[in-house]
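Below you'll find the structure, written out as structure tokens, and then a few comments.
Computed from the coordinates by the stated procedures, all read-outs in this text should not be read as laboratory data. Since we're looking at a predicted model, the values are computed, not measured. As a convention, Cβ positions derive from the backbone with ideal geometry for all residues, glycine included, and neighbour counts pool all protein chains shown.
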Amino acid sequence: MASRSLQPKISSGFARFFSSRRLALYLLAALIGVAVLGMIIPQQSLLPVNDFHLWQKSFPRLSRLAIDMGFTRIYESPLFLIIITWFSLALFFCTVHRVKKISRRPARSLNAVPQQQNRECITFITACPVAAVSDRLPSFLRKKRYKTTTFCQGEQTTITARRGHLGKWGSILFHCSFLVLLSGALLTTWGRIEGTLLLTEGQSVSGLPTDYISSSRTPLRTMPPFDFSLRYDNLLTPPGSDNGPRNNLTATTRDNKRIHLQTRDFHPAKINGFTLYQKESGFSPSIRLGTNSDPSFFHSFIALHSSVIDGIAEHQDTFTVPNTDIFVTLHLISPDKTANVPASATNLTVAITRAGRQEIEADLARGQTLSFDEYTLQFDELRHWSSFRVVRDPGVLVLYIAFLLAAIGLGLRLHFRAERLFFCLSNYEDGCRVVLTANTDGEKSFFQNNLHIMTNHLQKYLSKDS
Amino acid sequence: MQLSELLLFFMTVGTYGLAIFFFMTGLTGKRRLFFSWATFTVIAGFLTHSLNLAWRWYLTGHMPGDNIYELNSLGAWCTVLVFLLLQKRYRKLQTVGIIVLAISLAMLLYGFSKPHPLGPLSDEYQSGWFYIHIISAFLGYSCYVIASSAGFLLLYRHYHCTSSQINEALPDNQLLEDINSRFVSYGFAGHAIMLASGAIWANSAWGRYWNWDPVETWSLITWLLYAFYLHAKSFLGWRGTRLAWISIAALIAIIFTFWGVSHLPDHS
């Protein structure tokens, strides 16, 4: 009988309630149920707005009910948050309870016969006397990586052996990794910030990089400035490559270390905790506007939006020159889908509108100037622009640690399966009668098979020595 | 698809089909003879299947896994590989092969019905994590297929088996139960690695490790179902047919991940 004092005590009623494994299992079932519900009911965060409205029109009563109950944003709904929090608490207390249970020393009692589950009994007789068997058996078992303990009581000798208990620790580690993973997810929810960076070739930034800053929970958080300066060197579209465009950037850290970075689709660049995901790219002509008195009162690169229509890439944008009524439309056509413009291309079409009336439209080559009214407009040069999504997510590292713990835990759990052997030795004529009772946490038939092989080896080992 | 590839594909399909026939005949006729023929045919089919995949690898220049055809073929190959390894150790489990091969054949034919272009690996797949993701996924799923096949045989014997000949050919209940639970635990580990590597891959390619999109959510649901299976066995003491039912339900959920998720409202 296992000593009562060795039983893990959970004094707090709160902890006792949450350490119920049955409760944890029901919560797991509830989590599955909620996830299935999230799959059946369209989620606003995933479905395009038009499709969602279509669903609302098709199922007006159901959709109203689902929206009212928060099921169309189920992974942010109170129901989901309650279940996941409750489940995390249950997981935590169950793990603590299990750690307490496993870390206590095995009962040094003659009655520590393996429990009924997956139990196997083998009896055999050997010519060796009890004393010799009790001497040799532990060394045989130790070779097989068992930890042994010998008890003597009167004429009866008992040897207990166990191995594979690391498997239980593996299981605990795996469950702990879940708690680490949930804390990583929490960090992402509250600490992740992202924004967009739009750069023209040759441009450098080091401060706030973004035209919008967002985080799911904290929309007004500002992204911290970079602790490095970033220069956008150039965009490369390798000819004949299927891998899409590549952007070259150079980061200069505070200690003046220059780091070359390259991004391409789905292959971001990482620097000092920031990750830069390449998004769109296009052409950016440099436009200079002037008058006789001020030949360059406006000078800027204009990022043109790209689209491919009937196999022809078009790039265009409109802008108003500050402090004037001049409205400029720029239009560039490149002959291939890869959005490349040949070096000799001169086809930037400029249209000027003033006070709602089109003044002039002309094709400009690089370096050419267009004159209208008292103004001059010059097309200086053509560069590329690229936009990057900048992300800083403190939860990712925690998440990776959780994955590592889970992998180690699973490895231990699968490799080590707890086995307990209980040898009862008694005199039988000139030899010894060995009664072996054993059980395992693993599968019975595999264990039975291994146990019979081991018993045969043991009998040979003992008979050889005798 | 090149003629050589087509030839290897149909040789594979033919040998797997023949192996199923031998297994079925072995169940009712001369067991030992037909089962050994079946094993030989499975090995032959596996070799042509391996050649088929290797040839495709050579032609495309990357590991198969870029489209539905390649994914299904790779999945079927992993399933047959796990079955052959299992059969090497436990000869009694040959009957599991009927279901395993039927599922592999279905995967192969389904993949073949989809387009199978030869081309370089898409940009988003060019990551080491992608390979870890698909290999762990298919090894995990193969283990689930073996587990469910054992579960199916357990249920068949429990509910329907009246023929003593078939009954004799099937492995004993304890072994079926143990195969069911052990392979669920192996599959669970593979599935966990798949989810983790998928999250890392998604983070490196799209900047988000979890987006609750239908494929990843459904994959999580099936993983949680298997977690429920393992915990129900450990804590609730569930055994035998109950667990077999859960493993079959979970396998159906996995099949739904491949074939059904695209019909859900959120799928894009």
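Observations
- Contact order for region B:96-202, expressed relative to its length and based on alpha carbon pairs under 8 Å spaced 6+ residues apart, stands at 43 percent.
- Take chain A and mark each of the GluC sites (Glu not before Pro) that is in a DSSP loop with at most 10 other Cβ atoms within 10 Å; the longest unmarked stretch, sites excluded, is A:156-373.
- The ranking of A:VAL435, A:VAL34 by Cβ neighbour count inside 10 Å, starting from the fewest, reads A:VAL435, A:VAL34.
- Between the listed residues A:ALA185, A:LEU412, A:SER134, the Cα displaced farthest toward the positive end of the dipole of chain A, a dipole computed from Cβ unit charges relative to the Cα centre, is found at A:SER134.
- Computed helical MRE - 222 nm, chain B, DSSP H runs ≥ 4 contributing -39500 (n - 2.57), nearest 500: -27500 deg cm²/dmol
- Relative contact order for chain A, counting Cα pairs under 8 Å that sit 6 or more residues apart, in percent: 20 percent
- Magnitude of the charge dipole, chain A, Cβ model with Lys/Arg +1 and Asp/Glu -1, debye to 20: 4260 debye
- Selected from A:ASN347, A:PRO394, A:GLN378, residue furthest toward positive end of dipole (region A:343-401; charges at beta carbon): A:PRO394
- Placing a pseudo-label 7 Å from each Cα along the Cα-to-Cβ vector at B:VAL215 and A:ASN323 gives an inter-label distance of 5.4 nm.
- Whether chain B is rounded, prolate or oblate, judged on the alpha carbon gyration tensor where a/c under 1.5 counts as rounded: oblate
- Cα-centre dipole for chain B with unit charges at Cβ (Lys and Arg positive, Asp and Glu negative), debye to 20: 1080 debye
- Summary value for chain B: 18 percent relative contact order, contacts being C-alpha pairs under 8 angstrom separated by 6+ residues.
- When only the Cβ of Lys, Arg, Asp and Glu is charged (+1, +1, -1, -1), the dipole of region B:112-208 relative to its Cα centre reaches about 200 debye.
- The chymotrypsin sites (Phe, Trp or Tyr not before Pro) of region A:28-77 include none that DSSP puts in a loop with a beta carbon having at most 11 other beta carbons within 10 Å.
- In the protein assembly as shown, Rg over Rh equals 1.08, where Rg is the alpha-carbon radius of gyration and Rh the Kirkwood radius from pairwise Cα distances.
- Projecting the Cα atoms of B:LEU118, A:THR263, A:GLY431 onto the charge dipole of the protein assembly as shown (Cβ charges, centred on the Cα centre) puts A:GLY431 farthest toward the positive pole.
- Fewest-first sequence of A:LYS168, A:LYS257, A:LYS270 by Cβ atoms within 10 Å of each Cβ: A:LYS257, A:LYS270, A:LYS168
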